[in-house]
1. Can you figure out the FRET efficiency of residue B:20 with residue A:9, using R₀ = 30 Å and their beta-carbon distance, to the nearest 0.05?
2. Tell me, in nm to one decimal, what length is gained between residue B:40 and residue B:153 on full extension, where the rule is 0.36 nm per residue of separation less the Cα-Cα distance?
3. For region A:26-151, report the convex hull volume of the alpha-carbon atoms normalised per residue, in Å³, without decimals.
4. Find the relative contact order for chain A and round it to a whole percent, using C-alpha pairs within less than 8 Å whose residues are 6+ positions apart.
5. Other chains' Cβ within 10 Å of B:83-92 residues: what's the mean?
6. Within 10 Å of each Cβ in B:104-116, how many Cβ atoms from other chains are there, averaged over the peptide?
7. What nm distance separates the two modelled labels at residue A:342 and residue A:302, each placed 7 Å from Cα along Cα→Cβ?
8. Could I have the simple spin-label model distance between residue A:57 and residue B:32, label points 7 Å from Cα toward Cβ, reported in nm to one decimal?
DNA sequence: TTGTAAGCGTTATCAG
DNA sequence: CTGATAACGCTTACAA
């Protein structure tokens, strides 16, 4: 059953190069002291034999496996896929390699994934969705495994928490709606109830409440396109039809937009203003031209790996949470202009 | 620099459980002979201590690491992302774990990825894009690493090759166009020149040639949405405007559709019939309702892992290539009805 | 700079 | 069923 495999090992390389095993090891270790001559001889023998350092064995001696675990659900979804791509790329750039583990919505499956990370002695785990059990998190931490939580809004410390300022984005959306003359506000959310989704909802409600405006909130299904359509059906047949809706994600917004236009014959942004969140690629497609808030995916990946690169004590000394801005991307589903464009227009008039 | 990590090892578990190290090992080995009593004692001690079998070490003794490498480029793209998702899931279902490696378009980067797979003693590598160097492929094979090539259309054997019947799909598209009354055919392709893209193009041209119809082919840029828009601009301003275009991928088709409608004011399918390829999720969104051909992603993953599950000699005995059908998905960018619907309609009339 | 030897955590073999 | 012991392939003091 176990397939017969015969990898060439350092010993064979050593023999062929006429040196000792350690010399071979050193030849492949960046800062080691080897004479240029032996290094060359070793490298020659190695390529001739097709030798590749066994990272499994190396991870055994060293205390680093070079593996970073990416765990999350709905990895086929545009936003998640872009995150996976950015993370795997960042891992490679950091000289590591990413192991990706799919989870379903259950927190149990997240714990199972973390257990897998432990099995492979991953140097770190990056969690894109769900919440691991406290106990398994502690176990990882105790074993020297670093943990990064993306948009998880957790309060335990030890892990690095990277979050977006969802509330600020919500306020921003509200301002844009107001300036567009909208007053009948709605928030279209899924029933997933993840921290960031809820933060957006709360932020929007709070901002509206601050100026005494009510918000109709509707929640339905998972965070997918179809839910957006259904949410549109519910919201747009209500007795008082909203004239501005903040969709919790772009996927929802796309579905909402399609239903609003094709099923209700509404013109956006004339009859209705809409914003999304994430800035997935499709948001920029001309059928949508969705005004939305960008997940700073590259920046998230950069922050995560910058922290991972730090020595453990150093990392422990740093604040364990970083907050990033979700920049508003103005396109064409909200009437009016972005502040910058307004400033430019004003300048033009004055000139 | 190397972070101080102290994982609990089998020895500590053994001590606590009052058994030998080998007993611990056996307790975690499915078919091993251990008394129910010791197994329970071991398991208890293990959970109490937070012990997790070290798969790095296990991979060292066994000749299997349990790692499957997924290598490909543009992993954030809808089709690729769905493939990654399906593959990582299939890996987990098969009791393995997926390591994903990003490549750019260069074949050199694919070889580098394969080298990485070698480093980690991956049991198999699944290649989603690009072509590895023959020599590195041979090296992997010699080292007992199985290789699966997805839509790569290669002729070397050793790897399992999973391909779609692109030509058949192309013929299918042509038939649909013809039945819709279209005669001015075009093929919109990217400049990527990947095997499957070219196979679709060749297939379409061949089918058209067989009945004496010319096809305008235009190629531009990478296989992305924007390229589709540009291809539309080129094709739709031509002296004789096509009335049917086969886009090499759905992404291209979406761009093409958007430009055709929003920039040229064309009605689809009335003025123009369009088909895509892949059946990405967006193809089903109502702004597109794209008639297309589905990549049988789940089936591809299933085939890949079914083959990987086979013992090496068994796998060697099997045909090393499997061809899958890209089923046509009828939506609304081609006039007319699918064969099944026509048959049903005929039956209704007769009744 | 180089080689020798010990150790990393498993599993497989072989006695008992 | 159980326990010692020898690999597995690497890194890294330690000594030369």
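1. On the way: r = 29 Å, r/R0 = 0.96.
Approximately 0.55, to the nearest 0.05.
2. Working: separation 113, 0.36 × 113 = 40.68 nm, distance 5.12 nm.
Stretched fully, the residue B:40-residue B:153 segment lengthens by 35.6 nm.
3. Working: hull volume 15.6 nm³, N = 126.
Value for region A:26-151: 124 Å³ per residue.
4. On the way: 620 pairs, mean separation 45.6, N = 351.
Reported as a whole number, the value is 13 percent.
5. 5
6. Details: counts 1, 0, 0, 0, 0, 1, 0, 0, 1, 2, 1, 1, 5.
What the average comes to for B:104-116 is 1.
7. Taking the two extended label points, one gets 2.9 nm.
8. 2.3
We did not get these values from a lab; they are worked out from the coordinates using the rules stated. A quick note: this is a predicted structure, and the numbers were derived from the prediction, not measured. Neighbour counts are summed over all protein chains in view; Cβ atoms, including those assigned to glycine, are modelled from backbone coordinates with ideal geometry.
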